[in-house]
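J.: To start, I am sharing the structure in question, which I have written as structure tokens.
The values are calculated or read from the model by the stated rules, or taken from the named source; none is laboratory data. Bear in mind the structure is a predicted one, so any value in this text is a computation, not a measurement. Don't worry about glycine lacking a Cβ; one is built from the backbone with ideal geometry, like all the others, and counts go over all protein chains shown.
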Amino acid sequence: MPPARPSIWIIVPTYNERENVGPITDAILAAVPDAQILIVDDGSPDGTGELADALARTNKAIAVLHRTAKQGLGRAYVAAFKELLARDADIAVQIDADFSHPVRYLPSLLEPLLNDRADLVLGSRYVKGGHIPRWNVFRRLISRGGSIFAGVVLLMPYRDLTGGFKAWRTPVLREIDLDGLHAGGYAFQIETTFRARLAGARIVETPITFEERRAGTSKMSMNIFMEAFLLVLVLRLKTLGQRRQRALNTTD
């Protein structure tokens, strides 16, 4: 008898995504028919959470996790990771609800995990084959510059550290102190990849094309960029401090 296929959960965080939540769940299940979807809604005032509940009532592959208020993307993903660990999921995928992460890349994102070649797969806009067709120079500078800065300071060789299209083997998430994560937005993506690398995870990148959202408004801001910049410095300083303490302990 062939081994059972791992349980795959796709996490879809939402805040005011009523126009997108139905189409994105349909598209995900068309791309990965045996996947399950966890919608994490942060109390959207536009009724996204209620619509998500209606979708879950008609499709057993969809579950909904309600949070009472908007607390940031990072907090939403931490809540989702904990929920999926409690459900004994094997694979957890991060994807935006607005179609900026095209669902056609889900199979290539999952393939290294399913074939035991990686523990974390980063959907990358900056490796060969990756594209961002409609971004202006300012957005490219923030995203690419942030990835380069984080990679240099934190000694990580990956080209896209700020992207949010990622797939995890859940044992890696168990090795990360989820309650100790304190970042949202770009910073959350950098921090989780950094923590996974410290935990010894095998990390690979696969090319994607990043699209503009189909409906709604972007939640990107300069505050998110500054949070990422400061977090990288904090993580570097903490790592240096921990290494220094370990060195002192070995000489005692």
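J.: So which of ALA35, ALA61, ALA4, ALA54 is among the small types (Gly, Ala, Ser) and either within 30 Å of ALA228 (Cβ to Cβ) or surrounded by 23 or more Cβ atoms within 10 Å (Cβ to Cβ) (or both)?
T.: Values: ALA61 fails: either within 30 Å of ALA228 (Cβ to Cβ) or surrounded by 23 or more Cβ atoms within 10 Å (Cβ to Cβ) (or both); ALA4 fails: either within 30 Å of ALA228 (Cβ to Cβ) or surrounded by 23 or more Cβ atoms within 10 Å (Cβ to Cβ) (or both); ALA54 fails: either within 30 Å of ALA228 (Cβ to Cβ) or surrounded by 23 or more Cβ atoms within 10 Å (Cβ to Cβ) (or both).
Among ALA35, ALA61, ALA4, ALA54, only ALA35 is among the small types (Gly, Ala, Ser) and either within 30 Å of ALA228 (Cβ to Cβ) or surrounded by 23 or more Cβ atoms within 10 Å (Cβ to Cβ) (or both).
J.: I would also like to ask the following. Answer yes or no: is there a residue in the stretch 154-171 that is over 18 Å from ALA76 (Cα atoms), of a type in the set (Asp, Glu) and either touching a Lys or Arg at 6+ places or on another chain (Cβ under 9 Å) or in contact (Cβ under 8 Å) with a residue 24 or more places away in the chain (or both).
T.: Quick first cut of the stretch 154-171, residues over 18 Å from ALA76 (Cα atoms) only: 154-161, 169, 171.
Subsequent filtering for residues that are of a type in the set (Asp, Glu) retains 160.
Remaining after also requiring either touching a Lys or Arg at 6+ places or on another chain (Cβ under 9 Å) or in contact (Cβ under 8 Å) with a residue 24 or more places away in the chain (or both): 160.
Yes, the stretch 154-171 contains a residue that is over 18 Å from ALA76 (Cα atoms), of a type in the set (Asp, Glu) and either touching a Lys or Arg at 6+ places or on another chain (Cβ under 9 Å) or in contact (Cβ under 8 Å) with a residue 24 or more places away in the chain (or both).
J.: From the set of residues in the stretch 161-209 that are touching a Ser or Thr at 6+ places or on another chain (Cβ under 6 Å) and modelled with pLDDT under 95, which is surrounded by the fewest Cβ atoms within 10 Å (Cβ to Cβ)?
T.: Checking each candidate, the answer is THR162.
J.: Return the residues of the stretch 93-114 that are touching a strand residue (DSSP E or B) at 6+ places or on another chain (Cβ under 8 Å) and closer than 19 Å to ALA76 by Cβ; say none if nothing qualifies.
T.: Within the stretch 93-114, VAL93, GLN94, ILE95, ASP96, ALA97, HIS101 meet the criteria.
J.: Could you check the stretch 125-208 for helices (runs of 4 or more DSSP H) lying wholly inside it with 2 or more residues that are among the charged types (D, E, K, R) and within 17 Å of the chain's Cα centre (by Cα)? Give the steps one after another, and end with the answer.
T.: Values: elements: 137-154, 170-175, 185-198.
Passing ranges, in order: 170-175, 185-198.
J.: Give the number of residues within the stretch 80-102 that are among the aliphatic types (A, V, I, L, M) and surrounded by fewer than 20 Cβ atoms within 10 Å (Cβ to Cβ). Let's see the steps before the verdict.
T.: Of all residues in the stretch 80-102, those among the aliphatic types (A, V, I, L, M) come to 80, 84-86, 89, 91-93, 95, 97.
Filter again for surrounded by fewer than 20 Cβ atoms within 10 Å (Cβ to Cβ), leaving 85-86.
Total satisfying the criteria: 2.
J.: Pick from THR68, THR48, THR58: which is of a type in the set (Ser, Thr, Tyr) and in contact with a helix residue (DSSP H, G or I) (Cβ under 6 Å, 6 or more places away or on another chain)?
T.: Numbers: THR68 fails: in contact with a helix residue (DSSP H, G or I) (Cβ under 6 Å, 6 or more places away or on another chain); THR58 fails: in contact with a helix residue (DSSP H, G or I) (Cβ under 6 Å, 6 or more places away or on another chain).
Step by step, each of THR68, THR48, THR58 is checked, and only THR48 is of a type in the set (Ser, Thr, Tyr) and in contact with a helix residue (DSSP H, G or I) (Cβ under 6 Å, 6 or more places away or on another chain).
J.: If you scan the stretch 145-160, which residues turn out to be small (Gly, Ala, Ser) and touching a Ser or Thr at 6+ places or on another chain (Cβ under 7 Å)? Talk me through it step by step, then tell me what you get.
T.: At the first step, the residues of the stretch 145-160 found to be small (Gly, Ala, Ser) are 145-147, 150-151.
Within the stretch 145-160, GLY146, SER147 meet the criteria.
J.: Under 8 Å between Cβ atoms, at least 6 apart or on separate chains: pull out the pairs that start in the stretch 128-144 with a residue that is in contact (Cβ under 8 Å) with a residue 40 or more places away in the chain and end on any residue that is loosely packed, with under 12 Cβ neighbours inside 10 Å.
T.: none
J.: Identify all residues within the stretch 2-34 that are over 26 Å from GLN71 (Cβ atoms) and among the small types (Gly, Ala, Ser); write none if there are none.
T.: Matches in the stretch 2-34: ALA4, SER7, ALA27, ALA30, ALA31.
J.: Just to be sure, is GLY74 surrounded by fewer than 16 Cβ atoms within 10 Å (Cβ to Cβ), modelled with pLDDT under 95 and small (Gly, Ala, Ser)? Talk me through it step by step, then tell me what you get.
T.: Working: surrounded by fewer than 16 Cβ atoms within 10 Å (Cβ to Cβ): no; modelled with pLDDT under 95: yes; small (Gly, Ala, Ser): yes.
No, not satisfied.
J.: Among the residues of the stretch 64-96, count how many are more than 12 Å from the chain's Cα centre (by Cα) and under 16 Å from ASP26 (Cβ atoms).
T.: Total meeting the criteria: 1.
J.: In the stretch 64-94, how many are small (Gly, Ala, Ser) and touching a Lys or Arg at 6+ places or on another chain (Cβ under 9 Å)? Give the derivation first.
T.: Looking only at the stretch 64-94, we keep the residues that are small (Gly, Ala, Ser), and these are 69, 72, 74, 76, 79-80, 86, 89, 92.
With touching a Lys or Arg at 6+ places or on another chain (Cβ under 9 Å) added as a condition, the list becomes 76, 79, 92.
Summing the residues that are small (Gly, Ala, Ser) and touching a Lys or Arg at 6+ places or on another chain (Cβ under 9 Å) in the stretch 64-94 gives 3.
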